[in-house]
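Any read-out appearing in this document is the output of simple, stated calculations on the displayed coordinates, not a laboratory observation. All values derive from a computational prediction rather than experimental measurement. For neighbour counting, all protein chains shown are included, and Cβ atoms are generated from backbone atoms with ideal geometry for every residue, glycine included.
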Amino acid sequence: MTALEEAPTPVAPPPVDEYERRRRRHRRADAVRSLFKHAGLIVLSLLMIYPLIWLVVSSLKPNSEIFTDLGIFTTDLTIENYVHGWTSQQLPFGHFLMNSTILVIGAIIGNLVSCSLAAYAFARLKFWGRNAWFAVMLGTIMLPFHVVLVPQFIIFRELGWLETFLPLIVPKFLAMDAFFIFLMVQFIRGLPKEIFEAARIDGAGHVRIFGQVTLPLMVPALATTAIFTFIWTWGDFFGPLIYLRTRENFPVSVALKGFIDAQSSSNYGAMFAMSVVSLIPLFLAFLLGQRYLVKGFATTGIK
């Protein structure tokens, strides 16, 4: 038997119409799956943002209707809560916004300066016990804030820093946020070593390499640090509550507590209104810095 006779008989392809029907069937199936997927995502998104929508709507309701009608559809809207909330606490609410702004600016500058320096040292300098100190630094991430609260309070009290912003700002200049150090270390280690070697060949020292080579390349990591520092400092309640006692020094997070009084009537409408006002800077910070957040985490290997 010849090789020609042993070859299998070729099978004729199905008609073109059959291919077209299969393709259309797959398209319809993909369209249905996509429809259900997007519908599910929309439902989940609505469930997640419903509390925020309810907060905004409740801030526009009279106090008598906030908890009697939990829906988000109403026709009786008023801005009285915003007017009353802005002026009801002896000081204008803008004063508390300014206090929070001072704390945020100080914390951001402190973290950017100290964490970037510490990260460069861990990533590019060789010194005794570097790995051990880096492990200790990472271990502080798991250390609860309450463990060091009493010793810190005693130290700041002896320094005479109570009733000032110093206990909330100065530690940021001492590289206390290990998470940001770790983030920057990962980013610096991901940069090509040839860049640093070329700078060394040109005669640049560590100060020049850090200032002219490393920092310009670290913009995504620095932006991520600034945004997270802004969000965490703006919403911090426990720290200011411990170190600040006078109303003149209260940030927004503590000032909102003033609308609730356990011994008399509480003005929830004004509190909701000022809560919406205090959320606007957070929303703008996340909206404007979203691409830096994504790029910063994508280039540091943090999942």
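Its Cα centre serving as origin, region 138-272 has a Cβ charge dipole (Lys and Arg +1, Asp and Glu -1) of approximately 80 debye.
Relative to the Cα centre, the charge distribution of the chain, modelled as +1 at Lys and Arg Cβ and -1 at Asp and Glu Cβ, gives a dipole magnitude of about 740 debye. What is the helix-to-structure angle for 93-124, meaning the angle in degrees between its Cα long axis and the longest Cα principal axis of the chain, kept from 0 to 90 and rounded to the nearest 10? Relative to the chain, helix 93-124 is tipped by roughly 60 degrees. Taken over the chain, the percentage of Cα pairs per 10 Å bin, counting from 0 up to the bin with the maximum distance, is 5, 18, 22, 19, 14, 9, 6, 4, 2, 1, 0. Here's the picture: charge each Lys and Arg Cβ at +1 and each Asp and Glu Cβ at -1 in the chain, and of A119, Y243, L44 the one pushed furthest to the positive end of that dipole is A119.
Starting from the Kirkwood radius over alpha-carbon pairs of region 73-138, derive D by Stokes-Einstein at 4 °C in a medium of 1.567 mPa s and give it in µm² s⁻¹. Result for D is 79 µm²/s.
Of interest is the spacing of the C-alpha centroids, which for region 104-122 and region 238-292 amounts to 26 Å. Taking 30 Å as the limit for the C-alpha separation, the pairs K172/K257; K61/K172; K37/K61 exceed it in the case of K61/K172; K37/K61. When the inverse distances between all different Cα atoms of region 16-81 are averaged and flipped, the Kirkwood radius reads 15.4 angstrom.
Taking the C-alpha atoms only, the angle from helix 219-234 to the longest principal axis of the chain is near 40 degrees. Does region 26-148 come out rounded, prolate or oblate by the C-alpha gyration tensor, with a ≥ b ≥ c the root eigenvalues, rounded set by a/c under 1.5 and, if not, prolate when a/b is larger than b/c and oblate if not? Oblate shape, in that a/c is at least 1.5 and b/c is the bigger or equal ratio.
Taking Cα atoms only, the orientation of helix 268-298 departs from the longest principal axis of the chain by about 40 degrees. Per q in 0.10, 0.14 Å⁻¹, report the Debye log10 I(q)/I(0) for region 98-234, using one uniform scatterer on each alpha carbon and no solvent. Debye output, listed in q order: -0.39, -0.72.
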